[in-house]
Amino acid sequence: MPTFPNHLRGEGPTNPFPGVRVLERRLGREIPHQLGSNEGLDMPHRALREHFGDAMAAHVYSYGDAEALGIRRRLADQQGIPLDAMLVDAGADSLIALALRAVTGRDEVVVSTAGTYPTFAYFARGHGCRVEELPYDEGPGRLAPDLEALARAAHEHEARLVYLANPDNPSGNLHDDADVLALREALPETCWLLLDEAYHDFREDADAAYGRRVLPGVIRLRTLSKAHGLAGLRVGYAIADPETLAVMMKVRIHYAVSTLSQAAAEVVLDHPDEVAAHVAEVRRRRDRLAARLGELGADVLPSATNFVGLRLPSAELAERVHREMLAAGKLIARPADPALGHVLRITAVSDALVPGRLEILEQALVRG
């Protein structure tokens, strides 16, 4: 089992401001008179109420529940994840930064795939880590992180952490569960696996038992930004053993997830049928989009996400298509890493299927 940086071992640091909701749970009773918190509890919010209504305004006065218990309870009930094995924070991005702060130190090596979700390397470098990036495993119908190469690099560089997005962004590739477990086994004992599962809900087997497992030496990250449509409110959660989450809490912003965000997330989680219907529709749109582009000769990559990735014959063509689409007011994604300059990514929203919406791309595919 990997360990934590020396300064985070043992007792403390302890959150000096757990918040009134946590305090109420510790005391076992409500605190109706909040006379010690320096919040604007008596702000009338006339303008806010006029614009958004009283229901919204009711959520803005106090700091949020630092433990996000309502969200965690709903996730535990719906997904079977142990309640004490989840930590809620301000989206998967914030959780990436939090995991790095909790388990790595300055000048330690972290390993990832060159061109995968770039926020990881952005945060890792900002934290003072040395980032070793490896090429994708690329072949016919395949653009995937190379798990064997990641494990070898972890040993070669005595890495502290390996990052894997699964399903991958931007390729959409999904490694099966056995391969991910084998990667964990192949890593050095002192190396963490940061498993970014932001697109987990779009897997066909998202409800399988593997999805709720707490894996030793692994921090799994998920989000309510994609399948639950709450990207603007920033809500995500980590799955790890309680000891690891306790260390992450030592370096976490106290109230990273607002009261309003938590309330909205609870409402959405209380309607799982709507989420399930949305996920099913996204999968149908993704398959329709992939089929349409495939008919035009595109090299469409298999995807277990809410987007379709495709490889164009050259980075120059991909750059031109991306530029011309943007000039026409149509934003598609093109990875910034030169190694993936020939890749484009299109989200499977209804707008992408409107006739003529992707005409610039379609014409480029027909011309070859």
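If the requirement is being within 29 Å of HIS59 (Cα to Cα), of a type in the set (Asp, Glu) and at pLDDT 95 or above, which of these qualifies: ASP270, ASP287?
ASP270
When only residues in segment 82-97 that are part of a helix (DSSP H, G or I) and touching a helix residue (DSSP H, G or I) at 6+ places or on another chain (Cβ under 8 Å) count, which is nearest to ARG72 (Cα to Cα)?
Within segment 82-97, the match that is nearest to ARG72 (Cα to Cα) is LEU83.
Could you list, in sequence order, the residues of segment 300-331 that are out of contact with any Ser or Thr (no Cβ under 9 Å at 6 or more places or on another chain), aliphatic (A, V, I, L, M) and either without any contact (Cβ under 8 Å) to a residue 24 or more places away in the chain or in a strand (DSSP E or B) (or both)?
Hits for segment 300-331 are VAL300, LEU310, LEU326, ALA327, LEU331.
Could you look through segment 332-357, keep only residues that are in a loop (DSSP other than H, G, I, E, B), in contact (Cβ under 8 Å) with a residue 60 or more places away in the chain and among the aliphatic types (A, V, I, L, M), and pick out the one that is surrounded by the fewest Cβ atoms within 10 Å (Cβ to Cβ)?
My answer is ALA336.
Counting just the residues of segment 117-132 that are in a loop (DSSP other than H, G, I, E, B) and out of contact with any helix residue (DSSP H, G or I) (no Cβ under 9 Å at 6 or more places or on another chain), which one comes out surrounded by the most Cβ atoms within 10 Å (Cβ to Cβ)?
Taking the candidates together, the pick is PRO118.
Considering only segment 70-109, state which residues are touching a Ser or Thr at 6+ places or on another chain (Cβ under 7 Å) and within 20 Å of LEU260 (Cβ to Cβ).
Of everything in segment 70-109, those that are touching a Ser or Thr at 6+ places or on another chain (Cβ under 7 Å) and within 20 Å of LEU260 (Cβ to Cβ) turn out to be GLY91, ALA92, ASP93.
May I ask you to list pairs of residues, at least six apart or on different chains, whose Cβ atoms are under 8 Å apart, with the first in segment 133-153 being assigned to a loop (DSSP other than H, G, I, E, B) and the second being of a type in the set (Phe, Trp, Tyr)?
Note: pairs meeting the criteria are PRO145/TYR136; ASP146/TYR136.
Of these, GLU324, GLU362, which one is over 26 Å from ARG284 (Cβ atoms) and among the charged types (D, E, K, R)?
Of GLU324, GLU362, the one residue that is over 26 Å from ARG284 (Cβ atoms) and among the charged types (D, E, K, R) is GLU324.
Test ALA55 against the criterion of being hydrophobic (A, V, I, L, M, F, W, C) and not assigned by TED's automatic domain parsing to the domain that holds ARG234, and give yes or no.
When the stated conditions are applied, ALA55 passes them.
The values are calculated or read from the model by the stated rules, or taken from the named source; none is laboratory data. Just so you know, these numbers come straight off a predicted model, no measurement behind them. Glycine gets a Cβ as well: all are built from the backbone with ideal geometry, and neighbour counts include every protein chain shown.
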